Amino acid sequence: MPHTRIPVDLRSNAKALRRNLTDAERKLWSRLRAHRLGNLHFRRQAPIGPFIADFSCHAASVIIELDGGGHADNEQFNYDRSRDQWFSQAGYLVLRFWNNEVLTNLDSVCETIYERVTARLRTISTSPSQPSPARGEGISEV
């Protein structure tokens, strides 16, 4: 995804969310920050497109979302599904975990994150690089 300027209100909202992490977000961040999980780089409350992802690993195009009980109702479920669809169309894989799962089984959550992110990185590193049509590469004249 190309770099775009982040709107001021979205950036301000992300900063506020970083200051007010939920207990589950704080606990997971303690394991993800500073390359603590397999030397992988994660960001918290990262603006991506029109949304703010709870956590992201940009190198692997993976987003991690933590959901509380409010995400079980129909309206929130539909909103989450539309966000996931937007992220997917932008090339991201979304991993969702319940807050309770993070609070009670953090090792398993981190293991799942590590496996999915490293698998995605392997896929990225083994796929052949695509030529840039913008620079005329890969275009053959007949």
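Tabulated values for the structure
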| read-out | value |
| --- | --- |
| Output for the stretch 72-129, where each listed residue is modelled with pLDDT under 95 and acidic (Asp, Glu) | Asp73, Glu75, Asp80 |
| Subset of the stretch 27-70 (residues that are of a type in the set (A, V, I, L, M) and open to solvent by 50 Å² or more (accessible area, probe 1.4 Å)) | Ala34, Ala59 |
| Selection count where residues are open to solvent by 80 Å² or more (accessible area, probe 1.4 Å) and touching a residue at least 60 places away in the same chain (Cβ under 8 Å), scope the stretch 101-123 | 1 |
| Output for the stretch 16-26, where each listed residue is of a type in the set (A, V, I, L, M) and either in contact with a helix residue (DSSP H, G or I) (Cβ under 8 Å, 6 or more places away or on another chain) or loosely packed, with under 12 Cβ neighbours inside 10 Å (or both) | Ala16, Leu21, Ala24 |
| Residues (surrounded by 16 or more Cβ atoms within 10 Å (Cβ to Cβ) and among the hydroxyl-bearing types (Ser, Thr, Tyr)) located in the stretch 71-100 | Tyr92 |
| Pairs where the first residue, in the stretch 87-99, is among the β-branched types (Val, Ile, Thr) and the second is open to solvent by 30 Å² or more (accessible area, probe 1.4 Å) and modelled with pLDDT of 95 or more, C-beta under 9 Å, 6+ apart | Val94/Asp84; Val94/Ser88 |
| The stretch 12-65, residues that are closer than 19 Å to Ala90 by Cβ, in contact with a strand residue (DSSP E or B) (Cβ under 9 Å, 6 or more places away or on another chain) and among the aliphatic types (A, V, I, L, M) | Ala14, Ala46, Ile48, Ile52, Ala53, Ala60, Val62, Ile63, Ile64 |
| Per-region count, the stretch 8-37, residues within 24 Å of Arg122 (Cα to Cα) and modelled with pLDDT under 95 | 0 |
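The values are calculated or read from the model by the stated rules, or taken from the named source; none is laboratory data. Only a predicted model underlies this, so the values are computations on that prediction, with no experimental measurement involved. Heads up, the Cβs are rebuilt from the backbone with ideal geometry, glycines too, and the neighbour counts pull from every protein chain shown. Please note that ligands, DNA and RNA were not included when accessible areas were found on the heavy atoms of the full protein model with its side chains. Shrake-Rupley method; radii C 1.70, N 1.55, O 1.52, S 1.80 Å.
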